[in-house]
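Structure record follows, encoded as structure tokens.
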Amino acid sequence: MTDDGWFANCEPGDVDGAAVAVRDGSASEPADWPARAVDAGFAPDEDAYYDALHEATVAAARAEAVERERADDQQLVHAVRAMDDCARTANELAERAAEWAGALFDVSGGGVDLAARVAERDAETPAEERAISLAERVVELDAEAEDLRGFIEQQAPTVAPNLASMAGPVLAARLVSLAGSLETLAKKPSGTVQVLGAEDALFAHLRGRASSPKHGIIYTHEYVRGTHPEHRGSAARALAGKLSIAARIDHYSGEPKPEIEAELDDRIATIRARTGDELPDDAGGDDGGAGE
Amino acid sequence: MTDAPAPEDATLPEGLARRDFGDGETLATQGSPVGPEATDGDWRAWDASRSKLAATYAVGLDPGLTADATVLYLGAAAGTTASHVADVAGATYAVEFAPRPVRDLCRVADDRDRLFPLLADARKPESYAHVVEADCDLLVQDVATRGQADVALRNRRFLADDGRLALAIKARSEDVTDDPSDVFDAVLADLREGYEVLETASLEPYHDDHLAVVARPH
Ligand SMILES: C[S@@+](CC[C@H](N)C(=O)[O-])C[C@H]1O[C@@H](n2cnc3c(N)ncnc32)[C@H](O)[C@@H]1O
């Protein structure tokens, strides 16, 4: 840390250099920088100093905000992938743990629930110790998945407020993850957003082996899943259209625009009204969505 | 706000006025508009329910904003309040650490050549002490984060000896479960390590569970 002002090594007129100095610099104590800059010959007078400072601070803040936001969407991508890995691994290991526990103890059932019960037991033999320890790992992995979900729920609304509000934070994070970043998601046509996550089905279709997929991961949204199968294609198209717009607004401006969500709500109501849709049995789910 | 307490008639500095935008009197400043707000010519309504500093005036405290004051503003968010401050005062340094609102803050600063946005953490004053000048006249703090007294103490170094701190304490940021008045007492006690507290007032009905504090360094 130096005791110099931001302008110490700046050429007058070099805005980029000045912005870097503002961003990366530091000082232990403030000083009368305007007077010092004038004394040092950086600026002819205080007004000129403030003009240069204005240019430098706005450029620095703008560039850093964009950079930091990019970095934030990547944290979301890591988090949602890690959450899925933890949940999947917890389920796989739970099966193994259940099989082992079933051989040692008088227990029934399976999954993380069983693992949680096994983890409570006291081991009496080395084998029991291992089986119980394995069950504990299952419980921990499952808890980690939940914590990751909490992080996503908290983070997605800052990274992509409109998308998170319309899709729900977890689905928003999945879409960003499938696209790779908020920027690439924002640049995809809505037809692509509609089938993101259905790549396998899409390839099968392109090879002539299946009908074209009507939806990818957005299937988890209540507006698709909760719409009568006959109209799911329309619902998926409407949803994907609005989600693409949301992703673009989030990437380019970040301002909340509740009217788009309202338009989507209307559109879905219209689609569902066509047959007086009742929700089919499999409606609702765990991935969050506007309806939850 | 129609049933708000009548503002005490603290004399307002140059650049700040009370005007009627069709919905009773509110504070107003002159400058280019920011977001959805009532305007009248180049006067912009400064809404007490959207700004803790405007509410500080509305409940009868004088935060010490003056024309040509040099101001350090902590927790600028998208710049709603900072824009009014910059339209009244002189050099205004606006610190905000969340990247998203900083984009808006930059747009607000585009129209204001003495508003300097800084993407920085107010708990780390060294990270902007090479930019923000010493002897500021006013330190405005609205950070809504844990450790609000600590932030004010760390940033005391930017204030002139006769400068003012205008702080809005949000009780829930310190502790969601504690009684707000206990939280306020604790924050004020910490604050007194570096400041003499001149006035305090609740910001109800404009902002729930917020206390406005005007203080000076000692
Ligand atoms: C209540 S908002 C401020 C609203 C703003 N003063 C206005 O009236 O327009 C609080 C802001 O403080 C910011 N904040 C919280 N902790 C901070 C810190 N340590 N450093 C800088 N900003 C912080 C938050 O990101 C948020 O934008």
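Read-outs throughout are calculated quantities, based only on the coordinates presented, and are distinct from any laboratory measurement. What you are looking at is a predicted structure, and each value in this text was computed from that prediction instead of being measured. So basically every Cβ, Gly included, is an ideal-geometry build from the backbone, and we count neighbours across all protein chains shown.
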Debye intensity ratio in log₁₀ form over the Cα atoms of segment A:59-174, taken at each q of 0.10, 0.11 Å⁻¹: -0.43, -0.50
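Of the listed peptides A:20-26, A:225-231, what is their order by residue-averaged count of other C-beta atoms within 10 Å, with the highest listed first? Show your work: numbers first, answer last.
Working: A:20-26: 20.0, A:225-231: 17.7.
Output ranking for A:20-26, A:225-231: A:20-26, A:225-231.
For segment B:79-218, what is the per residue volume of the convex hull drawn over the alpha-carbon atoms, in cubic angstrom?
Working: hull volume 15.4 nm³, N = 140.
With only Cα atoms used, segment B:79-218 gives 110 Å³ per residue.
Just the Kirkwood number for segment A:1-44, please: inverse of mean 1/r across all distinct Cα pairs, in Å, one decimal.
10.7 Å is the Kirkwood radius here.
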Karplus 3J(HN,Hα) series, Hz, for segment A:126-134 with 6.51 cos²θ - 1.76 cosθ + 1.60 (x for Gly, Pro): x, 5, 4, 4, 5, 4, 5, 4, 4
Computed lengthening from residue A:48 to residue A:66, 0.36 nm per intervening residue step minus Cα-Cα distance: 3.7 nm
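With Kirkwood's inverse mean 1/r over C-alpha pairs for Rh, give me the Rg to Rh ratio of chain A, two decimals please. The partial results should precede the final answer.
Values: Rg = 27.0 Å, Rh = 23.2 Å.
Rg/Rh: 1.17.
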Spin-label model distance (nm) - residue B:177 vs residue A:15, 7 Å beyond Cα toward Cβ: 5.2 nm
Estimated distance in nm for a label pair at residue A:32 and residue A:266, the labels positioned 7 Å out from Cα along Cα-to-Cβ: 6.1 nm
Where only alpha carbons of segment A:179-256 are counted, the Rg and the Dmax (Å): 13.2, 43
Note, ³J(HN,Hα) from phi for segment A:140-155, Karplus 6.51, -1.76, 1.60, rounded to Hz, x at Gly and Pro: 5, 4, 5, 5, 4, 4, 5, 5, 5, 4, x, 4, 5, 4, 7, 8
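What FRET efficiency comes out for residue B:49 versus residue B:199 if R0 is 22 angstrom and r is the Cβ-Cβ distance? Round to the nearest 0.05. It would help to have the intermediate numbers written out before the result.
Values: r = 21 Å, r/R0 = 0.95.
Between residue B:49 and residue B:199 the formula returns 0.60.
Divide by every residue of the protein assembly as shown the summed helix terms, -39500 (n - 2.57) for each DSSP H run of at least 4, and state the resulting mean residue ellipticity at 222 nm, rounded to the nearest 500 deg cm²/dmol.
Helix-only estimate at 222 nm: -15500 deg cm²/dmol.
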For B:97-107, mean number of other protein chain Cβ atoms within 10 Å: 6
Intensity falloff of the protein assembly as shown expressed as log10 I(q)/I(0), Debye formula with alpha-carbon point scatterers, at q = 0.07, 0.08, 0.13 Å⁻¹: -0.53, -0.67, -1.21
